[in-house]
Amino acid sequence: MPELPEVETVRRGLLKIAKGRKINAIDVYYGKIITNDVEEFRQALIGQTIEDIDRRGKYLLFRFSNQLTMVSHLRMEGQYFSQSVGAPIDKHTHVVFQFTDGTELCYHDTRKFGRMTLVKTGQEMKVGGLKTIGPEPTPEDFKLDFFKAELKKSRGKIKPFLLNQRHVAGLGNIYVDEVLWMSKINPEQPANTLTAAEIWSLHDNIIKELAMAIKYKGTTVHTFVDAMGDAGGFQERLNAYGRGGEQCPRCGTKMVKIKVAQRGTTFCPYCQPLREVGETKIVGLTGGIATGKSTVSSLLNQAGFPIVDADLVTRQVQRPGSTGLKRLAAAFGPQIIGKDGQLDRQQLGQLVFSDAAARRQLNEIMQPLIRKAIWQAVDDFRRTGVATVILDVPLLFEQHYDRDCDYVVVVAVEPATELQRLMARNHYSKKMAQARIAAQMPLEKKIQRADLVIDNNGSLAETRRQVHQLVEDLRNPR
Ligand SMILES: [Zn+2]
């Protein structure tokens, strides 16, 4: 079935072959395509000019010179093409608009499900599915707040939610599978359990994906061709749709095909896991300095686990205009705010570097704000019913976050490797690197307090293997 990108591609083709043409005669071979009285339909349009062709969702809107609009829905297999008047037609051509310039526009439909309805211009939104159609998937029309509110109201699965044109216009089976894969959301995840980050990502991907598909003139599956007889080019770019049994382009896991709401649905069981709604487990993730914690964090995120990242939360708490930044400026002076309104971390670092009292003051201001924001973020995830939240905190033990974790993972390397990596990463002298490491709880001690240690001395593949094992254990606790 043509989806929004295909219908938009048809519209652009129709502008070339039908816009500005005047109708000389109309032949109707299968009357059911037209929902009006066929004779009235013909009489109303003969002698009129097609002034423009618009689109709303998957509906084409032919604008005529006498203030009438023909709403055309292609449904499963409808197609338009142009030929010279009198050229032979086949049995699947049901309506022919002959133009005064010697060309004619043919409507071809092997399934005969397509429909044309003539209304006064301005009344088109009362026709069929247009009555309840949702926003166009563009940044101007499709608002994040609206989408969020609609999701919260629905306990149904996300795939049928997205297929419902009331929520957003134009998504069909192909692009729903694609945007869910891009956003790492399981097609059966209940709509009201999506996390804020997932909603944001899904919203963004819907807009991007449909714009991209339009750019590539849609996807050719079955018999779609545009009005110029050209096939679309987007099928080369599909990551999920039609790839059941193939490897996931992101993680290499075998993609699975199932039925959701009677529609064939392809997804990756590894990066799009279904989350059961129940107790939320908090997994603390920490390490030494430069031991590769962020690599592990992003691998876990890739496996679909939501991450609360203390470094990101800290930046959020110190963003321009925040209470955090105002308090810092009051304590350390306005010079810690840069010209762009952002915190000047280097400036602040220099101020507290060799001043223990200033460092203490900095912690007293920031730590309670950061702590509050971190637990707020955890609670936001908890409310969505996620099974596991990863709490990624460099000073997890030092600041006692471990006490509220159900499980603690430490990423470790040999002391010599830690020293080398830190020197390379931060361009430190050996002495500086040693001082940085000494300022933290020794890695040795962190390892003793961990439920699981990920050994990051080896290759990325070895780290990945250990993370995969952790993912399995978190999903299927023994
Ligand atoms: Zn995958």
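A short reminder: the numbers here are calculations on the coordinates, not readings from a lab. Quick caveat: nothing in here was measured; it's all calculated off a predicted structure. Glycine also receives a Cβ, built like all others from the backbone with ideal geometry; neighbour counts cover every protein chain displayed.
In this Cβ point-charge picture (+1 for Lys and Arg, -1 for Asp and Glu), the stretch 1-144 has a dipole of about 200 debye about its Cα centre. Our estimate of slack between THR253 and GLN123, defined as 0.36 nm per intervening residue step minus the Cα-Cα distance, is 41.8 nm. Hydrodynamic analysis of the stretch 76-119 uses the Kirkwood radius over alpha carbon pairs. Inserted into Stokes-Einstein at 10 °C and 1.306 mPa s, it gives a translational diffusion coefficient of 144 µm²/s.
Taking all Cα pairs closer than 8 Å and separated by 6 or more residues, the relative contact order of the chain comes to 13 percent. For an R0 of 56 angstrom, estimate the FRET efficiency from the Cβ-Cβ distance between ASP406 and THR100 and round to the nearest 0.05. So the FRET efficiency works out to roughly 0.15. Normalised by residue number, the volume inside the convex hull of the Cα atoms of the stretch 66-151 is 141 Å³ per residue.
Projecting the Cα atoms of PRO5, PRO190, ALA387 onto the charge dipole of the chain, computed from C-beta unit charges around the Cα centre, puts ALA387 farthest toward the positive end. Restricting the calculation to Cα atoms, the stretch 4-130 shows an Rg/Rh of 0.91 when the hydrodynamic-style radius is the Kirkwood one. Seen from ASN192, the other residues with C-beta closer than 15 Å to its C-beta sum to a net charge of +4, counting Lys and Arg as +1 and Asp and Glu as -1.
Dipole magnitude for the stretch 281-475: about 520 debye, using +1 per Lys or Arg Cβ and -1 per Asp or Glu Cβ, origin at the Cα centre.
Taking the Cα centre of the chain as origin and assigning +1 to Lys and Arg Cβ atoms and -1 to Asp and Glu Cβ atoms, the resulting dipole is close to 600 debye.
Need one number: nm distance between label points at ARG465 and GLN434, each 7 Å from Cα along Cα→Cβ, rounded to one decimal. With each label placed 7 Å out from Cα toward Cβ, I get 3.5 nm. Residue pairs exceeding 24 angstrom between C-alpha atoms, taken from LYS131/LYS159; LYS131/LYS215; LYS143/LYS208; LYS281/LYS372; LYS184/LYS293: LYS131/LYS215. Note on the chain: dipole from Cβ charges, positive end direction compared against THR265, ALA331, SER298; the farthest Cα belongs to ALA331. Between LYS153 and LYS326, the C-beta separation translates, for a Förster distance of 41 Å, into a calculated FRET efficiency of about 0.65. A simple spin-label model places the labels of GLU279 and ASP379 2.1 nm from each other, with each point 7 Å out along Cα-to-Cβ. Per residue, the chain reaches -11500 deg cm²/dmol at 222 nm when only DSSP H runs of four or more residues are counted, each adding -39500 (n - 2.57).
Counting charges near ASN24 (Lys, Arg +1; Asp, Glu -1) among other residues having Cβ under 14 Å from its Cβ returns a value of 0. Only Cα sites of the chain enter the Debye sum here, all with the same form factor; the resulting log10 I(q)/I(0) across q = 0.11, 0.13 1/Å is -0.95, -1.16, listed in q order. The distance linking the stretch 322-376 with the stretch 158-199 is 40 Å (Cα centroid to Cα centroid, whole angstrom). Neighbours of THR93 by Cβ distance under 13 Å: Lys/Arg scored +1, Asp/Glu scored -1, total -3. Net length available on complete extension from THR132 to PHE113 is 4.8 nm, with 0.36 nm assigned per residue and the Cα-Cα distance removed. The stretch between GLN347 and LEU144 holds 69.4 nm of extra length on full extension. This uses 0.36 nm per residue minus the Cα-Cα distance.
Can you work out the FRET efficiency for the pair ASP52 and GLN399, with r the C-beta to C-beta distance and R0 = 51 Å, to the nearest 0.05? Calculated transfer efficiency: 0.20. Think of the chain as a dipole: +1 on every Lys or Arg Cβ, -1 on every Asp or Glu Cβ, centred on the Cα centre; then among TYR428, LEU348, HIS92, LEU348 lies furthest on the positive end. Take the Cα of ARG475, go 7 Å toward its beta carbon, and the backbone nitrogen atoms of the stretch 245-283 under 14 Å from that spot belong to 248, 251-257, 267-276.
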